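Taking it in order: structure first as structure tokens, then the write-up.
The values are calculated or read from the model by the stated rules, or taken from the named source; none is laboratory data. Owing to the predicted nature of the structure, the values given are computational and were not obtained by experimental measurement. Every residue, glycine among them, receives a Cβ derived from its backbone with ideal geometry; neighbour counts consider all protein chains shown. Side chains included, ligands, DNA and RNA excluded: accessible areas come from the protein's heavy atoms. Shrake-Rupley method; radii C 1.70, N 1.55, O 1.52, S 1.80 Å.
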Amino acid sequence: DGGITQSPKYLFRKEGQNVTLSCEQNLNHDAMYWYRQDPGQGLRLIYYSQIVNDFQKGDIAEGYSVSREKKESFPLTVTSAQKNPTAFYLCASSQQGGTEAFFGQGTRLTVV
Amino acid sequence: EDQVTQSPEALRLQEGESSSLNCSYTVSGLRGLFWYRQDPGKGPEFLFTLYSAGEEKEKERLKATLTKKESFLHITAPKPEDSATYLCAFGGGAQKLVFGQGTRLTINP
């Protein structure tokens, strides 16, 4: 089945530690996105990539980093510089940048 | 600046009571207007894409329409299982997706 897989579903991190969230897609999509969602809020764009080896900052990129070494993969690292990392993180992909996107099931990150 | 605003923030209806959700947008070079449904704790599920003013799409009790400045999601005779958060988004010249805050819809039996 084609789709987007995010792992893990739940993640706990101690303050001061970096953590990497995985996102893999087998839809052969060029564009991939990372969003953050806080309780009762909409989706805020962290980073997006329109092609392999290229990515752009979204609205809230501070404290996050990404890589796009393969078309299928777009991992997100939440660094210790992110002041309030507890949130629901969503990865998406689309055929091209700005076209209809499909989402994974999300990773819920909790800092303890 | 590209932006999108959804209203109302929350809507509570009785089963069978039809209504509409609004999505107002400002964007240069619209590549598409998208509607999603999101259930608690899950990723958004794609519903519709609209490309040009006057276009309409339907799926079961949902119908999405588009004008040059707004999109509406009409819900006809809703059922409790239609309860969810409905998100709209657009793709613009920057080739990224911009989302609204969502409308939290509750259908009471």
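Assigning unit charges at the beta carbon (Lys, Arg +1; Asp, Glu -1) and nothing else, what dipole magnitude in debye, to the nearest 20, does the range B:12-71 show about its Cα centre?
For the range B:12-71, the charge dipole is close to 220 debye.
When the convex hull of the C-alpha atoms of chain B is computed, what volume per residue in Å³ does it have?
Roughly 89 Å³ of hull volume per residue.
At 1.4 Å probe size, with the rest of the protein present, what percent of the exposed accessible area of chain B is carbon and sulfur atoms?
46
In whole Å, how far is the Cα centre of the range A:85-99 from that of the range B:55-98?
Rounded to whole Å, the Cα centres lie 18 Å apart.
Among the lysines, which have Cα under 28 Å from the Cα of B:Lys59 when same-chain residues fewer than 8 positions away are ignored?
B:Lys42, B:Lys68, B:Lys69, B:Lys79, B:Lys96
Distance between Cα centroids, the range A:5-63 to the range B:18-46: provide it in whole Å.
Using only Cα atoms to place each centre, the spacing works out to 20 Å.
Please work out the average accessible area per residue across chain A, using the 1.4 Å probe convention, and give it in Å².
Per-residue value: 48 Å².
Whole number please: convex hull volume per residue, Cα atoms of the range A:14-90, in Å³.
Cα convex hull per residue, to the nearest whole number: 90 Å³.
Over the whole of B:98-104, what's the average partner chain Cβ count within 10 Å per residue? Rounded to a whole number, please.
Average neighbour count from other chains, rounded to a whole number: 4.
Over all distinct alpha-carbon pairs, what is the Kirkwood Rh of the protein assembly as shown in angstrom?
17.8
Give the interface area between chains B and A as buried accessible surface, both sides summed, probe 1.4 Å, in Å² to the nearest 100.
Chain pair B/A: roughly 1800 Å² of buried accessible area.
What does the structure give for A:89-100 when I average, per residue, the other chain Cβ atoms found within 10 Å of the residue Cβ?
The per-residue average across the peptide is 5.
Quantify how strongly other chains surround peptide B:44-51 by giving the mean number of their Cβ atoms within 10 Å of each of its Cβ atoms.
Mean shielding by partner chains, rounded to a whole number: 3.
Quick one: among A:Gly40, A:Gly98, A:Gly16, which has the greatest mean-square fluctuation in a GNM of chain A with alpha-carbon springs under 10 angstrom?
A:Gly40
Among the residues of the range A:39-75, which ones have their accessible area go down by 50 Å² or more when all the protein chains sit together, as opposed to their chain alone (1.4 Å probe)?
Output list: A:Leu43.
First select every other residue whose beta carbon is under 12 angstrom from the beta carbon of A:Gln82; then total the charges, Lys and Arg +1, Asp and Glu -1.
Summing Lys and Arg as +1 and Asp and Glu as -1 gives +1.
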